[in-house]
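Asker: Have a look at this one before I ask anything.
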Amino acid sequence: MGLGAFLALSLFLFIGFHSVLQLSSNHFQCTLTQPAFTLRWIHSVEKELWQENFQISGQQLLLTSTQFKTFGAGTPSNGKGVMSKEGWLHYSVELFLPVLNWVVSRNVESTLITEQGQWLIFKDFDDYSEIKIQVIRLPLWQYFIQESCDDYFEQP
């Protein structure tokens, strides 16, 4: 490799940035390699599954849709809903969030889903632990040395 190529690669790694999803708690931190995820849980009152779909949009999370079977507290009040044959209401949403704070619970079976599979986070974190999911910008060199969340995902 010539000096010019080496300098170009070095500049690319130290100057180039990459937006990623970071999951963190008090004693843990990893990055999601996928630009989107679904958060699934059992609603504590209605005892039905709920799902919310998020993706990176600039430097924020974008809640794009939510799916649920029953109505109650926290049900979206604006957007467009479509009922599926399976009884789910699919609701389109466009809500930007700088950070998503989630309290993990075995009772509601908090689960993250990506193309990698599903991560049963309620099994890896203590009940009532708070995790934070946010978009961060990392220099490329730092992105490559961050702990990846990928190893925690399993195929259903």
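Okay, residues lined up against (1) touching a strand residue (DSSP E or B) at 6+ places or on another chain (Cβ under 6 Å); (2) of a type in the set (Gly, Ala, Ser); (3) more than 14 Å from residue 30 (Cβ to Cβ); (4) in contact (Cβ under 8 Å) with a residue 24 or more places away in the chain:
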{"residue": "89", "(1), (2), (3), (4)": "yes, no, yes, no"}
{"residue": "92", "(1), (2), (3), (4)": "yes, yes, yes, yes"}
{"residue": "115", "(1), (2), (3), (4)": "no, no, yes, yes"}
{"residue": "119", "(1), (2), (3), (4)": "yes, no, no, yes"}
{"residue": "129", "(1), (2), (3), (4)": "yes, yes, yes, yes"}
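Asker: Can you pull out every residue in the stretch 34-56 that is among the polar types (S, T, N, Q) and either without any contact (Cβ under 8 Å) to a residue 60 or more places away in the chain or in contact with a strand residue (DSSP E or B) (Cβ under 6 Å, 6 or more places away or on another chain) (or both)?
Answerer: 34, 38, 51, 53, 55
Asker: Moving to a separate point now. Checking the condition over 20 Å from residue 156 (Cβ atoms), small (Gly, Ala, Ser), modelled with pLDDT under 75 and assigned to a loop (DSSP other than H, G, I, E, B), which residue from 73, 8 passes?
Answerer: On inspection, the qualifying residue turns out to be 73.
Asker: Among the residues of the stretch 96-129, which ones are out of contact with any helix residue (DSSP H, G or I) (no Cβ under 8 Å at 6 or more places or on another chain), part of a loop (DSSP other than H, G, I, E, B) and hydrophobic (A, V, I, L, M, F, W, C)?
Answerer: Across the stretch 96-129, the qualifying residues are 99, 120, 125.
Asker: Right, here's the next one. Somewhere in the stretch 26-37, is a residue part of a strand (DSSP E or B) and at pLDDT 95 or above?
Answerer: Within the stretch 26-37, one or more residues are part of a strand (DSSP E or B) and at pLDDT 95 or above.
Asker: For the stretch 102-113, give me each residue that is in contact (Cβ under 8 Å) with a residue 40 or more places away in the chain, surrounded by fewer than 18 Cβ atoms within 10 Å (Cβ to Cβ) and out of contact with any Ser or Thr (no Cβ under 8 Å at 6 or more places or on another chain).
Answerer: Selection gives 109 alone.
The values are calculated or read from the model by the stated rules, or taken from the named source; none is laboratory data. This is a predicted model, so every value here is computed, not measured. Glycine also receives a Cβ, built like all others from the backbone with ideal geometry; neighbour counts cover every protein chain displayed.
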